[in-house]
1. What are the residues in the stretch 73-97 that are touching a strand residue (DSSP E or B) at 6+ places or on another chain (Cβ under 6 Å), at pLDDT 85 or above and in a loop (DSSP other than H, G, I, E, B), if any?
2. Kindly provide the set of residues from the stretch 15-29 that are in contact (Cβ under 8 Å) with a residue 24 or more places away in the chain and surrounded by fewer than 24 Cβ atoms within 10 Å (Cβ to Cβ), ordered by number.
3. Residue 53: in contact (Cβ under 8 Å) with a residue 40 or more places away in the chain, in a helix (DSSP H, G or I) and under 30 Å from residue 155 (Cα atoms), yes or no?
4. Going through the stretch 125-146 one residue at a time, which ones are out of contact with any strand residue (DSSP E or B) (no Cβ under 7 Å at 6 or more places or on another chain), assigned to a helix (DSSP H, G or I) and farther than 23 Å from residue 172 by Cα?
5. Residue check, residue 109 against (1) surrounded by fewer than 14 Cβ atoms within 10 Å (Cβ to Cβ); (2) at pLDDT 90 or above, all met but one. Which one?
6. Filter the stretch 249-271 down to residues that are crowded, with 17+ Cβ neighbours inside 10 Å and touching a residue at least 12 places away in the same chain (Cβ under 8 Å), then give me how many there are.
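The values are calculated or read from the model by the stated rules, or taken from the named source; none is laboratory data. What you are looking at is a predicted structure, and each value in this text was computed from that prediction instead of being measured. With ideal geometry, Cβ positions are generated from the backbone for all residues, glycine too; neighbour counts draw on all protein chains shown.
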């Protein structure tokens, strides 16, 4: 490895220390990019970009593409040459970053500072695996299956809830205050900076094991299914968290399946669901469930609900009518000689 290559070498994924939740979320998104990417929130210096670069090395093409903050939509999705389409009916497409990131990692630092339209295009492609560019009635579609990793520092502003929800998984990183873990992280980083070639060689076996696990897990996805017990547990967790819509249910099932595939399990179990639930619900959980139960039960029967509704309505009417006096008849005097307006017209 040349000196320039050594400087570009990524810190090994297997050498990350104290980042187990982040490593799991990244591996799940790598097994099934349809999960929709990973949003990583944390302060500066918590190895967000280091982990993203490390993951790219484990993927088939090893592509690591960064979206700069000032990028335009054309830079992201690509451009079409309309003049050539009108002239000779041929579509000339100039690939954008989505095309370059295919089968790799698309990394967006400070995703919370990007324009909403750009984030929408990113998330659409990450979830569907394809990118479509349309200009003046001309369109081009290409594969864009990549692992989307967005990072943000919460001190610099939040991402809109509508966009946050569309990230499949989320991990919150915090500063480490465990002396032994801090020392281990610093020692590993100093060893890597001193001699990247030797450090990477010492982790080569573990790196190869990750590559093999990912390849086998991707192949096993279609063979794994969910039984009713798993479905019921996912529904219960999402209802208890008061999530909006059904995206959380879908992502949780896909993440549990990806974890089962990673572990070469024969089936997806409730245990797999439990281990991925936090990263699925972290950015979707509300303070109170969507359907609040005053008596603490999980559900009410329809007749009971109607009875309560009737009682509540009657109580509300009684409170609204408090102090109300019924109308009383008053004397009326008939006036003679008044001509209706329509009679005057006639």
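1. Result: 78, single match.
2. 15, 16, 17, 18, 19, 21, 23, 24, 27
3. When the stated conditions are applied, residue 53 passes them.
4. 128
5. The single condition residue 109 does not satisfy is (1).
6. Residues that pass the stated criteria total 15.
Per-residue answers, yes or no, for (1) touching a helix residue (DSSP H, G or I) at 6+ places or on another chain (Cβ under 7 Å); (2) touching a residue at least 40 places away in the same chain (Cβ under 8 Å); (3) farther than 30 Å from residue 286 by Cα; (4) in a helix (DSSP H, G or I):
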| residue | (1), (2), (3), (4) |
| --- | --- |
| 148 | yes, yes, no, no |
| 163 | yes, yes, no, yes |
| 180 | no, no, yes, yes |
| 183 | no, no, yes, yes |
| 207 | yes, yes, yes, yes |
| 230 | yes, yes, no, yes |
| 238 | yes, yes, no, yes |
